[in-house]
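Structure, as structure tokens:
The values are calculated or read from the model by the stated rules, or taken from the named source; none is laboratory data. Quick caveat, the model's predicted, so the values are computed rather than measured. Every residue, glycine as well, gets a Cβ built from its backbone with ideal geometry; the counts of neighbours run over all protein chains shown. For the accessible areas, the whole protein counts, side chains as well, though only heavy atoms, and no ligand, DNA or RNA atoms are used. Shrake-Rupley method; radii C 1.70, N 1.55, O 1.52, S 1.80 Å.
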Amino acid sequence: MTERKIELRGVDTLQLLGYNDAHLQLIEDRFDATITVRGDTVTLRGSREDVGRLEKIFKELIYILNKNGNLSPNDVDTVIDLVSVNGSVTEPPAGVPTEEADQALLYTKVGIIRPRTPGQKAYVQKIRTHDIVFAIGPAGTGKTYLAVAMAVAALKNRDVTKIVLARPAVEAGESLGFLPGDLREKVDPYLRPLYDALDDMLTAEKLRSYMEKRIIEIVPLAYMRGRTLHNAFVILDEAQNASAMQMKMFLTRLGANSRAIITGDITQIDLPQKTVSGLVQIQDVLQEIQGVAFAYLDRNDVVRHRLVKDIIDAYDRYHGVNQQREENGRA
């Protein structure tokens, strides 16, 4: 058993511990150690490992409080996650301008998640100012990743109480009953990119807890029918593969205090030839609706491997040449 004391002289203990000790409760829920606050002293008792981590957490929270003048539940959750995973807090890289550090969406085990291109910054700004945002662009532009980061930040900051992530399972024709296994085994291959994003942003323990409590749900689009989602952050990924009727169904699931992001690449539609893509159609249907925004990303917003931009350009040139040949053949 190890004991360590932290002095809080000059620290706003109400802000540090939270209203009704809400911040303190967040910390206590994650550790077996005992935390006692008496006046200006915090006493930590527990295993050497837990006490060491708790000391780092309190010192980092005091630093953030002194720097910003306030402390949010999101700050507390983020520091706990980072210290639990890495043993320390990932700070912004040295030399990063203050305005760039201020654009951070999440501090995670993989570092700072923030928009990195002008297109991504415009996209994030639209998410912050609109209830429904459509993000359209090629692979690698961060459409889904940034959407999930915004949703996790909103959940941690108590802006919403639930995250629902949906994807059309087009390859299975949404007829999942014919596939072997239970529901999770049937749909996991189609939803894996969403799990991958969440794995970067939450500890395995936290993600498992959220999913067991259905605070985070990852579902095929077909299973959204009939639901009404209140106080939720809802994301529809690969929306180019949603039919017009499915798109309408998804958008009408939103309840009070809910927000939605719909992402997709209209050059990668896998629907049957005569089926209209809901993402293509919706650009005409909702273009003038207040509270709805469209963000268009392009090759300049690609943040994957350097060759991804070249691959996108090569396909664009290939399709352009073929289209010109077809037009010349019809002439």
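Laid out as a table, the results:
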item: Cross-chain or 6+ apart pairs with Cβ under 6 Å, region 137-158 first and free of Cβ contacts under 8 Å to residues at least 12 places away in the same chain, then open to solvent by less than 10 Å² (accessible area, probe 1.4 Å); result: none
item: In region 271-290, the residues that are open to solvent by 90 Å² or more (accessible area, probe 1.4 Å) and of a type outside the set (Lys, Arg); result: GLN273, ASP284, GLU288, GLN290
item: Residue that is nearest to the chain's Cα centre (by Cα) [pool: residues in region 175-199 that are at pLDDT below 85, acidic (Asp, Glu) and open to solvent by 40 Å² or more (accessible area, probe 1.4 Å)]; result: GLU185
item: Test for GLN15: is it open to solvent by 80 Å² or more (accessible area, probe 1.4 Å) and under 27 Å from THR161 (Cα atoms); result: no
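Listed here are the residues, each with its yes/no results for (1) among the basic types (Lys, Arg); (2) surrounded by fewer than 19 Cβ atoms within 10 Å (Cβ to Cβ); (3) under 20 Å from ASN157 (Cα atoms).
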position	(1), (2), (3)
ARG30	yes, no, yes
GLY39	no, yes, no
ARG45	yes, yes, no
VAL76	no, no, yes
